[in-house]
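Encoded as structure tokens, the structure appears first; notes follow it.
The values are calculated or read from the model by the stated rules, or taken from the named source; none is laboratory data. Just so it is clear, the model here is predicted, and its values are computed rather than measured. Heads up, the Cβs are rebuilt from the backbone with ideal geometry, glycines too, and the neighbour counts pull from every protein chain shown. Heads up: the accessible areas ignore ligands, DNA and RNA and are worked out on the full protein's heavy atoms, side chains in. Shrake-Rupley method; radii C 1.70, N 1.55, O 1.52, S 1.80 Å.
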Amino acid sequence: TVLVGDIRDYTVLVRTALTEELQRSVGRVFEMLSAAVARLGGSVKEFQGDAILAYWEGDFGGRQAVEACRAALALDALSAQMAADRSVWAPADVPLRMDWALSTGLVLIDSIGRDGPVGLSMMGEPVVRAFRIEKFAGDDTGRIVACRATRELAGDAFRFRDLGERQAKGFDAPDRIYALLGEA
């Protein structure tokens, strides 16, 4: 299960916040989120500008989807705490708000580098889907959205709200998207 967390309105932040102040704040946020991902059983693959990409490995039983949902709720709560802490998030004019997306499915992970791993390569539809459906998260839908597979695997442990079908950029057909509301 792949989890993407994205800082909302980052373009506004880049244009209005002091670059050095913003850079330090984003660094502190991602440092704290990374530590939390590790404590919650996941791995951080990378940071892409204003986004964190993490994943939980598993099998077809779905344990990873349950763990990732639990982590998404915890990380969302942590981001709200960080937003209120000026020692973490300094730009006072633009609050820290994050949106999250979960997508479950087959992902191929490999190390890159001849003389030892330099980085990880992650390929698979769930990675792309997580980045695309994250754009559907917001005040009207909820900060955490999930694909159908995540909801099917974690539906006994968590409450979800059906957001209907949404056409994600780059996909041929709409996906059914769900808001993750909390533990069941």
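A few comments on the model shown:
- Only one entry in Glu152, Glu183, Glu165 is within 16 Å of Trp100 (Cβ to Cβ) and among the acidic types (Asp, Glu), namely Glu183.
- Arg24 vs. criteria over 13 Å from the mean Cα position of the chain (by Cα), surrounded by fewer than 13 Cβ atoms within 10 Å (Cβ to Cβ) and basic (Lys, Arg): no
- Verdict on Ala90 being open to solvent by 10 Å² or more (accessible area, probe 1.4 Å) and assigned to a loop (DSSP other than H, G, I, E, B): yes
- Search result, residues across segment 144-160 that are surrounded by 23 or more Cβ atoms within 10 Å (Cβ to Cβ), touching a residue at least 60 places away in the same chain (Cβ under 8 Å) and closer than 17 Å to Phe171 by Cβ: Ala146, Thr150
- Only a single criterion out of (1) open to solvent by 70 Å² or more (accessible area, probe 1.4 Å); (2) over 18 Å from the mean Cα position of the chain (by Cα) is not satisfied by Phe171, namely (1).
- For segment 106-122, the count of residues that are farther than 23 Å from Phe60 by Cβ, touching a strand residue (DSSP E or B) at 6+ places or on another chain (Cβ under 6 Å), among the hydrophobic types (A, V, I, L, M, F, W, C) and open to solvent by 60 Å² or more (accessible area, probe 1.4 Å) is at least one.
- Residue match in segment 39-62 (condition: within 15 Å of the chain's Cα centre (by Cα), open to solvent by 50 Å² or more (accessible area, probe 1.4 Å), over 18 Å from Glu152 (Cα atoms) and among the polar types (S, T, N, Q)): yes
- The residues of segment 36-55 that are part of a strand (DSSP E or B) and in contact (Cβ under 8 Å) with a residue 24 or more places away in the chain, listed by number, are Lys45, Glu46, Ala51, Ile52, Leu53, Ala54, Tyr55.
- Hits in segment 75-87 (condition: assigned to a helix (DSSP H, G or I) and of a type in the set (Asp, Glu)): Asp76
- When residues of segment 123-143 are limited to those that are open to solvent by less than 20 Å² (accessible area, probe 1.4 Å), in contact (Cβ under 8 Å) with a residue 40 or more places away in the chain and not hydrophobic (A, V, I, L, M, F, W, C), the one farthest from Gln64 (Cα to Cα): Gly138
- Qualifying residue in segment 66-76 (condition: without any contact (Cβ under 8 Å) to a residue 24 or more places away in the chain and surrounded by fewer than 16 Cβ atoms within 10 Å (Cβ to Cβ)): no
- Enumeration of residues in segment 134-184 that are part of a helix (DSSP H, G or I) and not aliphatic (A, V, I, L, M): Glu134, Lys135, Phe136, Arg148, Thr150, Arg151, Glu152
Per-residue answers, yes or no, for (1) in a helix (DSSP H, G or I); (2) more than 23 Å from Met123 (Cα to Cα); (3) out of contact with any Cys (no Cβ under 9 Å at 6 or more places or on another chain):
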| position | (1), (2), (3) |
| --- | --- |
| Gly27 | yes, yes, yes |
| Ser34 | yes, no, yes |
| Glu57 | no, no, yes |
| Glu67 | yes, no, yes |
